[in-house]
Amino acid sequence: TELSNIRNFSIVAHIDHGKSTLADRLIQMTGTVAERDMKAQLLDSMDIERERGITIKANTVRIDYPAKDGQTYVLNLIDTPGHVDFSYEVSRSMQAVEGSLLVVDSTQGVEAQTLANVYQAIDANHEIVPVLNKVDLPASDCARVAEQIEDVIGIDASNSIHISAKTGVGIPDVLEAIVTRLPAPKGDRNAPLKAMLVDSYYDAYLGVVVIIRVIDGVIKKGDRIKMMKTGGQYPVEKLGVFRPQMQDIAELGPGEIGFLTASIKQVRDTRVGDTITTEKKGCEVPLPGFKPSIPVVFCGLFPVDSAEFDDLRNAIEKLALNDASFSYEMESSAALGFGFRCGFLGLLHLEVIRDRIEREYNIDLITTAPSVVYHVFMKDGEMIELHNPADMPDLSKVDHLEEPRIKATIMVPDEYLGDVLKLCQDRRGVQLDLTYAGARAMAVYDLPLNEVVFDFYDRLKSVTKGYASFDYQMSGYQEDQLVKMQILVNDEPVDALSIMVHRTRAETRGRAMCEKLKELIPRHMFKIPIQAAIGGKVIARETLAALRKDVTAKCYGGDATRKRKLLEKQKAGKKKMRQFGRVEIPQEAFINALKMD
Ligand code: GTP
C-alpha cells in the first residue's frame, strides 16, 4: 500500500468512555466483519478483560475505508492497554502510530487515566482528534467537556467530533477525520528493514505471534530476521494482518502494521520496543527508547491446598509464557509451605494474574502482602534489592534503606477533595500540585509506593464514593527510615506477615495488626500471645484468651445431623487454615491483617 493511503491511529480513553464500542463501530461500518460475526466487543478477547473493562494486551485491526475523495485507505487501529501498569507498552503502541482519537464521555469529562495516555500521545507527536461520545444521553454536555479538554489537556477542541458509539451517530465523520486530519506515515521502502516490535502473545497453534510496525524497508515471508536487542534470529513463517481475524499477506512495507510468526518459543524472547531487522544487510541503528519492563511489586502466591503445588507451577509457567513482564521464582515459607514469589508491573497486573490462576486454573490461593522492591545499602558498600521482607539482612550490617516513590495524579469532584488530601497525607504523601478545572480538582502527589500497594485504591474509592480517578508513574528511589516488622503468634514468627514499614508508622501498624489478628484467629484450648516486633523488640501485644471447654461441649452435643453439618463445615474450614506450631491461622487473616483502616 502507498504511504499516502495509510493512516495509523490509536484510541485514547478513560475506562467506560466508549473506546471498545467505537472500535467495534469503525470495524462494523467499514464492513470488515459481517454483522453476525460481531461479538459484543471484538477487541477485548479475554473474558477477564471484558469483565474488568480493561484492555491488557494491545490488539490491532486493519480496516479498508473508501473515503469521500474516492480513494480507498488502509486504516490501522492499535488498541492500547488502558492501565498505568502497562505504561511502557502504551508508549510503544503510541510510537507505532501517527495519530490518536481522544474519546471522552460527554456526560463525564476528562479523567486521570485519559490524561496519562493523552500525554503519551502528545509525547509521540500525535495529531489528536477529540471525539465526544455518548451524545445520545440527556446528560451529554459537549460544550462543557470541550472546554475542559482545552483547559486541562491544552489541545484545541473546537473541532471535536460529536458521536454516539452506541447509536452510530457521527461515526462516518470519525472515519473521514482519520483520513483528512491524521498524517500519513513516512518511511523508505528501499532502506534496510527496520520494524518495531509492538506486542506479542502466545498462541497454542502458531507459537509466539509478534505484532510489528514497519518503519523502513519491506518484510516478506521467508526473510531471516534479527531482533536487535535480544539477538534472536528467526525465519519468518507467516506474515499477515488482523481484520480482526488473521489474514495472510505477501509483504508488509513502510507504514504498515501486521503480525509475523517465526517459530519463536516464548514471549520472553520478544521484547516490546525491540527493533526487528534482517539478519543480513540489516539496519545499523535500532529504534530509540527501548526499555525492558521491570517488576515493581512482589508477593508470594501459595496454594491453599499444598497438594495443588504442581498445578500452581503449571499455571504460573503457562501464564508467564504469554507475559514477559511477570516474573516468578520458587519460595518456601515455614508458614505457607511451597509456593512462588512473583513480580508484577503493578497492583492491577498482580490482581489480573491472581484472578486468572484462581478462575482459569481453579486453584485457591493465599496471596501474601504485596511488597515493593527496597534498595538495602550494606555497610560494606554493597546494594541488595529486597523483594521479600523475610529476606531482610541483619540490621547491624545495614547502613540505610531506600524505597521507591511515585508521582500520583488524582482527579476528584471538589466535595471529596478534603478526604483525598487527608488520605495522601496519611500515606506520607508530599503535595506537588493542586489545580481546579470546573468542579473537579486535580491533585498531584509524591507518594511512597509501599503506602499505595496495599489498599490505597480501595480507600480512595471508598472516600470518594468511586468518583476519583487515579494514575501514577514511578519517580525514583529515596532514603527513608524503614524497618522490618515481624509478627509473632504464640512466640513463633509468621514470616508471611512480615512487612517493611516506616519507623513512625510501625507502632500504629503493629498494634492494628495484632488487634486484627486477635479477631481473625479462632480461639484455641490455650492462651495465645500475638506480638509485633522490630529486631527482637516487641512494640505491640494482644492476647487471645483460651477457649472454655464447656463451649465446645455445647456445640457438639445432641442432634446428629447438626453435629455432622458442623463437622463438615469444620473440614471445609480446615482447608483454609494454616498450622503454625500449635496454632491454626485462617488464610484470610494474611490479607485482612495487613489492611489499614
Ligand atoms: P473499557 O473497555 O472498559 O476500557 O471501556 P471502553 O472505553 O472500551 O468503554 P466501552 O466501549 O466498553 O463502553 C462502556 C459503556 O458505555 C458500555 O456499557 C457501552 O455500551 C456504553 N456506551 C459506549 N458508547 C456509548 C454511547 O455512545 N452512548 C451510550 N448511551 N452508551 C455508550
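The values are calculated or read from the model by the stated rules, or taken from the named source; none is laboratory data. All values derive from a computational prediction rather than experimental measurement. Every residue, glycine among them, receives a Cβ derived from its backbone with ideal geometry; neighbour counts consider all protein chains shown. Quick note on the areas: whole protein, heavy atoms, side chains included, nothing else; ligands and nucleic acids left out. Shrake-Rupley method; radii C 1.70, N 1.55, O 1.52, S 1.80 Å.
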Report summary line: Of the conditions (1) crowded, with 16+ Cβ neighbours inside 10 Å; (2) at pLDDT 85 or above; (3) among the charged types (D, E, K, R); (4) not in a strand (DSSP E or B), the single one that residue 351 does not satisfy is (2)
Query raised in the report: Which condition number does residue 330 fail, the rest of (1) of a type in the set (A, V, I, L, M, F, W, C); (2) open to solvent by 10 Å² or more (accessible area, probe 1.4 Å); (3) in a loop (DSSP other than H, G, I, E, B) being met?
Result: (3)
Report summary line: Exactly one of 398, 444 is open to solvent by less than 20 Å² (accessible area, probe 1.4 Å) and closer than 24 Å to residue 535 by Cα, and that one is 398
Query - Cross-chain or 6+ apart pairs with Cβ under 8 Å, the range 239-252 first and under 21 Å from residue 190 (Cα atoms), then outside any strand (DSSP E or B) and open to solvent by less than 40 Å² (accessible area, probe 1.4 Å) - result: 251/218; 252/218
Report task. Could you grab the pairs with beta carbons closer than 6 Å, sequence gap of 6+ or different chains, first residue in the range 163-179 and among the hydroxyl-bearing types (Ser, Thr, Tyr), second one within 15 Å of the ligand (Cβ to nearest atom)? Result -> 164/135; 164/136; 167/136
Query - Of all residues making up the range 223-261, the number that are surrounded by 15 or more Cβ atoms within 10 Å (Cβ to Cβ), among the charged types (D, E, K, R) and outside any loop (DSSP other than H, G, I, E, B) - result: 2
Query - Residues satisfying the stated conditions in the range 358-395, i.e. part of a helix (DSSP H, G or I) and surrounded by fewer than 19 Cβ atoms within 10 Å (Cβ to Cβ) - result: 358, 359, 360, 391, 395
Query raised in the report: Could you list, in sequence order, the residues of the range 118-141 that are open to solvent by less than 20 Å² (accessible area, probe 1.4 Å) and more than 18 Å from residue 182 (Cα to Cα)?
Result: 133
Query raised in the report: Got a number for residues in the range 152-172 being away from the ligand (no atom under 16 Å from the Cβ), in a loop (DSSP other than H, G, I, E, B) and open to solvent by less than 80 Å² (accessible area, probe 1.4 Å)?
Result: 4
Query raised in the report: Residues in the range 10-66 that are under 15 Å from residue 243 (Cα atoms), in contact with a Lys or Arg (Cβ under 6 Å, 6 or more places away or on another chain) and either modelled with pLDDT under 50 or near the ligand (Cβ under 7 Å from one of its atoms) (or both): how many?
Result: 1
Report summary line: Of the residues in the range 450-498, those that are under 21 Å from residue 297 (Cα atoms), open to solvent by less than 20 Å² (accessible area, probe 1.4 Å) and at pLDDT 90 or above number 3
Query raised in the report: Do we find a residue being without any contact (Cβ under 8 Å) to a residue 40 or more places away in the chain, open to solvent by 40 Å² or more (accessible area, probe 1.4 Å) and not in a helix (DSSP H, G or I) anywhere in the range 415-427?
Result: no
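Residue by residue, here is whether (1) within 29 Å of the chain's Cα centre (by Cα); (2) of a type in the set (Phe, Trp, Tyr); (3) within 30 Å of residue 129 (Cβ to Cβ) holds:
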position	(1), (2), (3)
188	no, no, yes
231	yes, no, no
245	yes, no, yes
275	yes, no, yes
Query - When residues of the range 132-151 are limited to those that are more than 10 Å from the ligand (Cβ to nearest atom) and closer than 29 Å to residue 185 by Cβ, the one modelled with the highest pLDDT - result: 146
